[in-house]
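Here is the structure we will look at, set down as structure tokens.
The values are calculated or read from the model by the stated rules, or taken from the named source; none is laboratory data. Please read all numbers here as calculations on a predicted model, not as lab measurements. FYI the Cβ positions are ideal-geometry reconstructions off the backbone, even for glycines, and counts take in every protein chain you see.
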Amino acid sequence: MLLLGSTGEAVALDEAESRDVLRVAAEAAAPEKVLIAGVGARSVKTTLELAEAAAQFRYECRAGPHAHLLCQPDVSGSRAPLFP
């Protein structure tokens, strides 16, 4: 199951909301389900923080070493720094 993919509502969530989605899904999913965490964000710092949160929620134990979906940050028209 892919959570927070790049074509859904993930872009409208802040970091805390994204963490909540990852946590709740991990708690609700049956142990045999493979979970993939979408952790791409507007900054490298936030992307790494979300990847760490996904690891804490045991996503890496369900699907191998680490199951994360990363997307290149959208910098067109954005003033958000990539490396805050």
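Is there a residue in the range 44-66 that is touching a Phe, Trp or Tyr at 6+ places or on another chain (Cβ under 9 Å), within 19 Å of GLU17 (Cα to Cα), modelled with pLDDT under 75 and not β-branched (Val, Ile, Thr)? No, the range 44-66 has no match at all.
Can you tell me which residue within the range 67-84, out of those that are under 9 Å from the mean Cα position of the chain (by Cα) and of a type in the set (A, V, I, L, M, F, W, C), is modelled with the lowest pLDDT? If you could, list the steps in order and put the result at the bottom.
Taking the range 67-84 first, the residues under 9 Å from the mean Cα position of the chain (by Cα) are 68-70.
Filter once more, keeping what is of a type in the set (A, V, I, L, M, F, W, C): 69-70.
Numbers: LEU69: 75, LEU70: 72.
Checked the range 67-84; the qualifying residue modelled with the lowest pLDDT is LEU70.
If we scan the range 15-30, do we find a residue that is in a loop (DSSP other than H, G, I, E, B), at pLDDT 80 or above and on the phi > 0 side of the Ramachandran plot? No, the range 15-30 contains no residue that is in a loop (DSSP other than H, G, I, E, B), at pLDDT 80 or above and on the phi > 0 side of the Ramachandran plot. Candidates are the residues of the range 33-59 that are assigned to a helix (DSSP H, G or I) and hydrophobic (A, V, I, L, M, F, W, C); the one that is surrounded by the most Cβ atoms within 10 Å (Cβ to Cβ) is ALA54. Taken over the range 27-51, the criterion of being among the small types (Gly, Ala, Ser) and within 17 Å of CYS71 (Cα to Cα) is satisfied by ALA37, GLY38, GLY40, ALA41, SER43, ALA51. Cβ-Cβ contacts under 7 Å between residues 6 or more apart (or on different chains), taken from a first residue in the range 8-36 that is of a type in the set (S, T, N, Q) to a second residue that is assigned to a loop (DSSP other than H, G, I, E, B), are listed as SER18/LEU4.
Of all residues in the range 1-26, those satisfying the criterion of being within 17 Å of CYS71 (Cβ to Cβ) and surrounded by fewer than 12 Cβ atoms within 10 Å (Cβ to Cβ) are THR7, GLU9, ALA12, ASP14.
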